[in-house]
Every structure is written in C-alpha cells, then in structure tokens.
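The values are calculated or read from the model by the stated rules, or taken from the named source; none is laboratory data. Computed from a predicted model, the values in this text were never measured in an experiment. Please note: Cβ atoms are built from the backbone with ideal geometry, for glycine as well, and neighbour counts cover all protein chains shown.
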Amino acid sequence: MSDAMTSILLASLAAAFTIAGGSLPLVRKQLGERGISLLVAFSAGVLLSAGINDKLPESFDLAHEGAVLGVFAGFMLLYLIEKVTMVHACREQGCKVHPFGFFALVGIGFHTMLDGFSIAVSGEARAALGLVVAFAVLAHSFPSGVSVASVMLSCGYKRSKAWWVLILLAVQAIIGAVIGLFFSGASDQVLGFAIGLSAGTFLYISTSDLLPIAHETNWKDYRVPMFFTAGFGLMLATALALG
C-alpha cells in the first residue's frame with residue numbers, strides 16, 4: 001500500500017473514531033463523567049508525548065530553527081481559533097456552554113482537519129512517525145466526538161442534525177490528510193515547519209483542553225494522573241522502540 005493510501009486510510013479511521021465517540025450521547029448512552037475524564041486524561045498523555053517525543057525531534061532534524069516557528073504557529077493558531085469560536089464549557093455561574101454556531105463549526109472543522117494533516121505530513125517525513133501520530137490522533141478522536149455531540153445537544157440541536165454535523169466535521173480529517181499529501185515533494189525546511197505546526201497543535205490540545213477537562217470533572221480521583229501517565233508512557237515507549 002502506498003504512503004498516500006496509508007495516510008488516507010488512517011485519517012478515515014480518525015473520522016470513524018470521531019463519529020463513534022459522538023454516537024454515544026446521540027443514542028443516549030453515557031460513559032459517565034468519571035469514565036470520560038479517564039479517557040480524556042489518557043488521550044492528553046498520548047498527545048503530549050507524541051508531540052514532545054516524536055514530532056518535536058523530527059521537526060528540529062528537518063527544519064532546525066524553523067521548527068520553533070512551526071510549533072509557535074500551531075499553538076497560537078488553535079488558541080486564537082478556540083477563543084474566537086468559544087465552544088468549550090465555561091465556569092461562570094449559569095453558563096453551561098458557549099453558543100455553538102457557524103464560527104464554532106468552522107473552528108472545530110479546522111481542528112479536525114489539522115488531525116488529518118498531521119497524519120499525512122508525519123508519514124511523509126518517516127513512516128514510523130506517521131503511525132505514532134495516527135495512534136495519537138485516534139486516541140484523541142473518540143473523546144473529541146463525545147464532547148462535540150454533547151455540546152450540540154446541550155445547545156438544542158436535533159439529533160438528526162447533530163448526526164449530519166458530526167459526520168461533516170469528521171470528514172474534515174480526510175480532507176486534511178489530502179492537503180497534507182501535497183507536502184510530499186516539499187523541502188526539508190517546509191516539511192519540518194509543517195510537522196512543527198502539528199506538534200504545536202498537539203501541545204495545545206493536551207495541555208489547554210484535555211488536561212483541564214479531565215481534572216475539573218474528576219479532580220478527586222487519583223486515577224486521572226495515572227491514566228495520563230499511562231498514555232504518556234505508552235507513546236514514549238513506542239517512540240523509543242521505533243527509534
């Protein structure tokens with residue numbers, strides 16, 4: 001199987017995981033707050049470890065100083081998108097979720113697109129790196145789907161419309177992978193910057209989104225840091241094994 005087909009397949013799996021996660025609240029099945037927080041903590045560890053132990057070294061090897069700009073751009077890009085779309089739960093009394101409208105959909109769709117993009121550009125740099133990044137994306141996609149579907153229902157979306165929106169958002173991962181394939185002939189500097197960009201998004205998602213959610217909903221449970229450490233350790237061991 002060609003590298004391009006592998007990237008498309010892995011991005012399709014990420015899309016399927018997003019839909020599978022979103023199906024839980026849409027069919028009225030709940031994992032419970034504790035179960036979700038443990039899943040989110042594990043995902044945070046996986047993403048952070050993949051960003052630090054796999055993407056950052058590869059980015060620096062290819063782009064050197066340009067990798068720093070890529071990481072900064074990726075981190076700031078998601079930060080600005082999140083603050084503009086404002087779709088996450090807030091802590092003010094009486095506020096359950098922020099408005100979930102057009103800009104929120106665009107923001108989440110772009111976020112999902114970057115997941116597919118990360119898989120493709122990482123695979124182009126090194127096949128083993130692509131597999132590690134794909135696993136990290138898959139681990140993140142399921143709880144992300146749960147979160148998106150839950151927010152849509154909380155904002156009054158009908159279940160039929162929420163299904164279609166969830167599917168459209170998930171498909172963005174495949175589109176992102178297709179875009180990433182255009183970097184196959186790029187120079188090391190450009191490819192390294194692209195990997196640094198995706199590394200920055202991994203660092204932002206894990207530290208600014210997933211970890212706070214995991215601890216806020218289940219802050220008394222010592223299993224949360226244990227699951228985070230397990231996710232981080234698993235990806236670290238994989239990075240060391242694959243070299």
Filter the range 200-231 for residues that are modelled with pLDDT of 90 or more and of a type in the set (A, V, I, L, M); the one that is farthest from Gly123 (Cα to Cα) is Met226
Scanning the range 169-214 for residues that are free of Cβ contacts under 8 Å to residues at least 24 places away in the same chain and either of a type in the set (Ser, Thr, Tyr) or within 28 Å of Arg34 (Cα to Cα) (or both), the one surrounded by the most Cβ atoms within 10 Å (Cβ to Cβ) turns out to be Pro212
With respect to the numbered conditions (1) buried (at least 24 other Cβ atoms within 10 Å of the Cβ); (2) modelled with pLDDT of 85 or more, which one is the sole condition not fulfilled by His64?
(1)
Quick one: would you say Leu240 is surrounded by fewer than 17 Cβ atoms within 10 Å (Cβ to Cβ) and either part of a helix (DSSP H, G or I) or of a type in the set (Asp, Glu) (or both)?
yes
Test: Leu56 is assigned to a helix (DSSP H, G or I), modelled with pLDDT of 90 or more and over 17 Å from the mean Cα position of the chain (by Cα):
no
Among Ser160, Ser144, Ser198, Ser150, the single one that is assigned to a helix (DSSP H, G or I), out of contact with any helix residue (DSSP H, G or I) (no Cβ under 9 Å at 6 or more places or on another chain) and not hydrophobic (A, V, I, L, M, F, W, C) is Ser160
Of Ser160, Ser147, which residue is out of contact with any Asp or Glu (no Cβ under 6 Å at 6 or more places or on another chain) and either under 28 Å from Ser2 (Cβ atoms) or crowded, with 18+ Cβ neighbours inside 10 Å (or both)?
Ser147
Might you check whether a residue that is closer than 30 Å to Thr238 by Cβ, modelled with pLDDT of 85 or more and crowded, with 21+ Cβ neighbours inside 10 Å occurs anywhere in the range 100-112?
yes
For Ser187, only one of the following conditions fails: (1) within 21 Å of Phe72 (Cα to Cα); (2) of a type in the set (S, T, N, Q); (3) modelled with pLDDT of 90 or more. What is its number?
(3)
